[in-house]
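Novice: Structure in structure tokens, see below.
The values are calculated or read from the model by the stated rules, or taken from the named source; none is laboratory data. Only a predicted model underlies this, so the values are computations on that prediction, with no experimental measurement involved. A quick note on method: Cβ atoms are made from the backbone with ideal geometry, for glycine too, and the neighbour counts reach across all protein chains shown. Note: areas computed on protein heavy atoms with side chains; ligands, DNA, RNA excluded. Shrake-Rupley method; radii C 1.70, N 1.55, O 1.52, S 1.80 Å.
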Amino acid sequence: MKIHKMTIEEIKQGLEDKKITAEELVGTYINRIKKLDGKVGAFLTLQEEEALNAAQKIDEKIQKGLDIGPLGGVPVAIKDNICMKGVKTTCASKMLEDFIPPYDATVIEKLKDAGAVIIGKVNMDEFAMGSSTENSYFKKTKNPWDLSKVPGGSSGGSAASVAAGFTPIALGSDTGGSIRQPAAFCGTVGLKPTYGLVSRYGLIAFGSSLDQIGPITKTVKDCAVGLLAIQGHDPMDSTSVQHEVEKDYLDEIEKGVKGFKIGVPKEFFMEGLDKEIGRAIRKSMERLEGMGAEVEEFSLPIEDSGLSAYYIISSAEASSNLARYDGVRYGYRSKDFDDFEELIVKTRTEGFGNEVKRRIMLGTYVLSSGYYDAYYKKAMKYRKKIQKSYREAFEKYDLILGPTSPILPFTVGEKINNPLEMYLADIYTVNVNLAGLPAISMPCGFSNTKLPIGLQLIGDHFTEKKLLRAAYALEQELGVCNEVPSLGEEE
Amino acid sequence: MKINKEEIAYIAKLAKLSFTEDELLKFTKEFEDIINHFANIDKENLDDIDINSFENFESVLRKDEVKVFKDKKELFRNAKSMRETYVEIPKIIE
């Protein structure tokens, strides 16, 4: 078994049976990253020494027969908008190029407690704004399935890291599809949990009412293991879940989809959907029916206006959240200024990239006097309507199914000069964030040109268990997850 | 809706960003396309939706307790300019 193809399950078994040590395992991954990341460009910071030290500690525990935790020895890559104490956390922005957080995000603490070995920080669109990872200040990440294509975004580094076999799991963040769309583009599994299930403490804010951290993995079971490790109430995040959360996502995962009612919004198949993606989704619908699920089309006409509501609300929140970057206490500070006003304006003008400026401008515009009622208030009203539409849908259905993205991974540079076109590609994912629902993207096939196609399952609030169970059943039926990109290497 | 360059310059001022003349022109065009697309929300009937009504919402409160951050050096390491324990900025009041 090649290590880069191993799932978390297999890694745990290998360590338990003493077929491999954690140090060997982590060392092998690091060597692979050093050898191949020049092509992919997923990593911004590699934590080689720290990762090997952490692995040694896991080996010592194994030697002594101690519990190594649910992610003991498992290498993890972290999106670079999640704070790690003493480790550069840049948000892929010049603004935070040398920012070193004085504390760990709650998810980092939880991963460390679970025994995970954090191997490095990965690339993203600047401040998580974008759908291609081309907005990074530092470099462009490539899609491991086709290096001329984008990996999606904004968690493109996370998805590429898993697809390229650099880590079996990575954390991403999802404000409007930023876990699910890159997961779809890279042929990996990506879960955006229910808003509040995972603490946002230490996640650098984009749209605080939408942001959520989640795992990207090769398989659905690994995704379940990852979610279990990072979820739960956190006193440091007042929007985090207040009630008891599910304690086991694996105990019923193999029970199948018999009896599940799955709704498919017919609006998902209208103009703009790539034909090959449409076919792959329909094939998966048939397979689910074959396994005993009841699959039914229905109308959920929220896409178009939802996309507008999303861009209004997320930009408004971003403009407010990013007001903190003024060059005073941390982050980039312009070298040349005469007074305080100039310090702030020059710092922000020099420190932010184009897309970030565009969102700040949009957000400032929709919140400004005279436009607040016309845009922001209307978008907030529509957000309520979307929530109601989903609530009604989940009275009838266990899950909602559709494509993750209307388009296949596109060529690097293809859409970078057309921001509106780039926004329109988020049409199937953004409404889930507006409603705070959980959704998973999983591979369901390939295009003729061997590019991955992602399928999205959406669940009601806090029904991740059901979501993972259905995704697992479909994954086993389709068998797509066993394929990995070659990256020009011999198998 | 038509958006002009002056409007964009005013928003930039509010957002504490500055743009060159070329950037302003480019931004104005992109902005107009995006804002015009947002207008599709106008076709929705939103009359009976009240954004100030909340069902099943509970306030989340916790005790406001002082915790001492042990390593002050760590906390200030990201500041670009310090004088003793203060972050240094240009003079604000003459």
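Novice: When you look at B:Glu94, is it more than 9 Å from chain A (Cβ to nearest Cβ), open to solvent by 100 Å² or more (accessible area, probe 1.4 Å) and without any contact (Cβ under 8 Å) to a residue 60 or more places away in the chain, yes or no? So that I can check it myself, show each step before the final result.
Specialist: Values: more than 9 Å from chain A (Cβ to nearest Cβ): yes; open to solvent by 100 Å² or more (accessible area, probe 1.4 Å): yes; without any contact (Cβ under 8 Å) to a residue 60 or more places away in the chain: yes.
Yes; evaluated as a whole, the condition is true for this residue.
Novice: Kindly establish whether A:Tyr137 is away from chain B (no Cβ under 14 Å) and either in a loop (DSSP other than H, G, I, E, B) or under 17 Å from A:Cys223 (Cα atoms) (or both).
Specialist: Working: away from chain B (no Cβ under 14 Å): yes; either in a loop (DSSP other than H, G, I, E, B) or under 17 Å from A:Cys223 (Cα atoms) (or both): yes.
Spelling it out, A:Tyr137 is indeed away from chain B (no Cβ under 14 Å) and either in a loop (DSSP other than H, G, I, E, B) or under 17 Å from A:Cys223 (Cα atoms) (or both).
Novice: Okay, moving on. If I ask for residues that are more than 8 Å from chain B (Cβ to nearest Cβ), under 27 Å from the mean Cα position of the chain (by Cα) and open to solvent by less than 50 Å² (accessible area, probe 1.4 Å), which ones from region A:339-354 would you list?
Specialist: A:Gly351, A:Gly353
Novice: For B:Ser81, only one of the following conditions fails: (1) touching a Phe, Trp or Tyr at 6+ places or on another chain (Cβ under 9 Å); (2) modelled with pLDDT under 90; (3) open to solvent by less than 50 Å² (accessible area, probe 1.4 Å). What is its number?
Specialist: (1)
Novice: From A:Leu15, A:Leu44, which residue is open to solvent by less than 80 Å² (accessible area, probe 1.4 Å) and over 28 Å from A:Pro182 (Cβ atoms)?
Specialist: One residue alone meets the criteria, A:Leu15.
Novice: In addition: Going residue by residue through region B:63-78, is there one that turns out to be surrounded by 11 or more Cβ atoms within 10 Å (Cβ to Cβ) and within 30 Å of A:Leu420 (Cβ to Cβ)?
Specialist: no
Novice: Take region A:103-114 and flag every residue that is part of a loop (DSSP other than H, G, I, E, B) and buried (at least 22 other Cβ atoms within 10 Å of the Cβ).
Specialist: Residue satisfying the conditions is A:Ala105 alone.
Novice: Then there is this: Tell me, yes or no, whether region A:33-54 has at least one residue that is within 26 Å of B:Asn78 (Cα to Cα), touching a residue at least 40 places away in the same chain (Cβ under 8 Å) and β-branched (Val, Ile, Thr).
Specialist: yes
Novice: Oh, and also: Residues in region A:117-131: is at least one aromatic (Phe, Trp, Tyr) and either touching a strand residue (DSSP E or B) at 6+ places or on another chain (Cβ under 8 Å) or not in a helix (DSSP H, G or I) (or both)?
Specialist: no
Novice: Quick check on my filter: what residues within region A:319-329 are modelled with pLDDT under 95 and open to solvent by 60 Å² or more (accessible area, probe 1.4 Å)?
Specialist: Residue satisfying the conditions is A:Arg329 alone.
Novice: I'm trying to understand the selection: among the residues of region A:307-335, which are closer than 19 Å to A:Asn433 by Cα, facing chain B (nearest Cβ under 7 Å) and of a type in the set (A, V, I, L, M, F, W, C)?
Specialist: Answer for region A:307-335, where residues must be closer than 19 Å to A:Asn433 by Cα, facing chain B (nearest Cβ under 7 Å) and of a type in the set (A, V, I, L, M, F, W, C): A:Ala309, A:Ile312.
Novice: Which numbered condition trips up A:Lys388, out of (1) buried (at least 22 other Cβ atoms within 10 Å of the Cβ); (2) more than 8 Å from chain B (Cβ to nearest Cβ); (3) charged (D, E, K, R)?
Specialist: Answer for A:Lys388: the failing condition is (1).
Novice: Could I ask something else about it? For region A:429-443, does any single residue satisfy the condition of being out of contact with any Phe, Trp or Tyr (no Cβ under 7 Å at 6 or more places or on another chain) and open to solvent by 20 Å² or more (accessible area, probe 1.4 Å)?
Specialist: no
Novice: Which of (1) closer than 28 Å to A:Ala309 by Cβ; (2) open to solvent by 50 Å² or more (accessible area, probe 1.4 Å); (3) not β-branched (Val, Ile, Thr) is the odd one out, the single condition B:Ser18 does not satisfy?
Specialist: It is condition (1) that B:Ser18 fails.
Novice: Okay, next question. Would you point out the residue of region A:253-286, among those that are farther than 16 Å from A:Leu457 by Cα and in contact (Cβ under 8 Å) with a residue 40 or more places away in the chain, that is surrounded by the most Cβ atoms within 10 Å (Cβ to Cβ)?
Specialist: A:Leu273
Novice: When region A:153-184 is examined, which residues are found to be more than 24 Å from A:Ala205 (Cβ to Cβ) and in a loop (DSSP other than H, G, I, E, B)?
Specialist: Across region A:153-184, the qualifying residues are A:Ala164, A:Gly165, A:Phe166, A:Thr167, A:Pro168.
Novice: Of everything in region A:359-385, what is among the polar types (S, T, N, Q), surrounded by fewer than 21 Cβ atoms within 10 Å (Cβ to Cβ) and within 9 Å of another protein chain (Cβ to nearest Cβ)? Give them in sequence order. Let's see the steps before the verdict.
Specialist: First, the residues of region A:359-385 that are among the polar types (S, T, N, Q): A:364, A:368-369.
Remaining after also requiring surrounded by fewer than 21 Cβ atoms within 10 Å (Cβ to Cβ): A:368-369.
A:Ser368 - this is the single residue of region A:359-385 that is among the polar types (S, T, N, Q), surrounded by fewer than 21 Cβ atoms within 10 Å (Cβ to Cβ) and within 9 Å of another protein chain (Cβ to nearest Cβ).
Novice: May I pose another question? Please specify each residue of region A:284-306 satisfying the condition of being within 14 Å of chain B (Cβ to nearest Cβ), assigned to a helix (DSSP H, G or I) and of a type outside the set (D, E, K, R).
Specialist: A:Ser305, A:Gly306
Novice: Now for a separate question. Report yes if A:Gly187 is assigned to a loop (DSSP other than H, G, I, E, B), in contact with a helix residue (DSSP H, G or I) (Cβ under 8 Å, 6 or more places away or on another chain) and buried (at least 24 other Cβ atoms within 10 Å of the Cβ), otherwise no.
Specialist: Spelling it out, A:Gly187 is indeed assigned to a loop (DSSP other than H, G, I, E, B), in contact with a helix residue (DSSP H, G or I) (Cβ under 8 Å, 6 or more places away or on another chain) and buried (at least 24 other Cβ atoms within 10 Å of the Cβ).
Novice: I'd like the full set of residues that are among the hydrophobic types (A, V, I, L, M, F, W, C), in a helix (DSSP H, G or I) and in contact with a Lys or Arg (Cβ under 8 Å, 6 or more places away or on another chain), limited to region A:31-53.
Specialist: A:Val40
Novice: Here is a list: B:Asn56, B:Asn52. Which entry is loosely packed, with under 10 Cβ neighbours inside 10 Å and more than 25 Å from the chain's Cα centre (by Cα)? If you could, list the steps in order and put the result at the bottom.
Specialist: Details: B:Asn52 fails: more than 25 Å from the chain's Cα centre (by Cα).
Only one candidate qualifies: B:Asn56.
Novice: For region A:11-43: of the residues being acidic (Asp, Glu) and at pLDDT below 95, which is nearest to A:Ala54 (Cα to Cα)?
Specialist: A:Glu16
Novice: Considering each residue of region A:398-428, count those that are out of contact with any strand residue (DSSP E or B) (no Cβ under 8 Å at 6 or more places or on another chain) and aliphatic (A, V, I, L, M), and give that number.
Specialist: So the answer is 7.
Novice: Can you say whether A:Ile100 is in a loop (DSSP other than H, G, I, E, B) and of a type in the set (A, V, I, L, M, F, W, C), as far as the supplied structure shows?
Specialist: In short, yes.
Novice: I would also like to ask the following. Take the residues in region A:210-249 that are more than 14 Å from chain B (Cβ to nearest Cβ), in a loop (DSSP other than H, G, I, E, B) and β-branched (Val, Ile, Thr), then tell me which one is most open to solvent (accessible area, probe 1.4 Å).
Specialist: Here the answer is A:Val245.
Novice: Check region A:468-480 and report whether any residue there is out of contact with any helix residue (DSSP H, G or I) (no Cβ under 9 Å at 6 or more places or on another chain), of a type in the set (Phe, Trp, Tyr) and either assigned to a loop (DSSP other than H, G, I, E, B) or open to solvent by 20 Å² or more (accessible area, probe 1.4 Å) (or both).
Specialist: Within region A:468-480 (the criterion being out of contact with any helix residue (DSSP H, G or I) (no Cβ under 9 Å at 6 or more places or on another chain), of a type in the set (Phe, Trp, Tyr) and either assigned to a loop (DSSP other than H, G, I, E, B) or open to solvent by 20 Å² or more (accessible area, probe 1.4 Å) (or both)), the answer is no, since none of the residues qualifies.
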